[in-house]
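Chemist: Dropping a structure here in structure tokens format, bear with me for questions.
FYI, it's all coordinate maths here, none of it is from the lab. As the structure is a prediction and not an experimental result, all values here were calculated from the model. In this analysis, Cβ positions are derived from the backbone assuming ideal geometry, glycine residues included, and neighbour counts consider all displayed protein chains.
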Amino acid sequence: MNNSNKNTNPSQLMPAQWVSQYGDYLFSVAMLKVGNKETAEDLVQETFISAIKAKDSFRSDSSEKTWLTAILNNKIIDHYRKKDVLKNVTEYIDDTGQSFSNSFFKENGHWQSNATPQLWKEDADTAVNRSEFYRILQYCIHKMPAKLVPVFTARFLENEDSDTICKDFNITPSNYWVIIHRAKVLMRSCLEKNWFVK
């Protein structure tokens, strides 16, 4: 990474270089989380505009890249709020609970035979380092129901804690845990079918 990434004051920010230095990275982050090329491009553009407007608030305790990524993540949260993706999430959870359970679990709570977790044939850490895995991960995220995606990405891609996620998306802790459980089951199933167990 470029040494100019660490700055001592806002006057050392280099907005003219942001697109070439961080554009692809920020686009890949946005694309992974929103799954739409035009939306991802718009969010990155909005990030750069907001960063230029807020450059006086930049503090040297983070790199330009980290600072820009934080701005982008806030833009993504705002995007999901505006779309109201998690509106009526309680009703959604109630309405889809039985069909979700029936897809993966028997009445006694055990796995359905076709949904039982499989042994992964390669080390997950090794797979994560492979570029194709990123494509499969993105595919699996966007196969999830839309109401699960923002919570899943906030928890597992941004490592946000549950309290922050509940506040950001205005959901209850019980809804949070149901969403996380379903998202994990769906992600495991999708990764097994498309990556680890071939």
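Chemist: What residues of the stretch 12-42 lie in the reach of a label at S63, counting those whose backbone N is under 11 Å from a point 7 Å from the Cα along Cα→Cβ?
Modeler: Those under the cut-off are 22.
Chemist: When the chain is fully extended, how far beyond the present Cα-Cα distance does F104 get from N74, taking 0.36 nm per residue of separation?
Modeler: 7.4 nm
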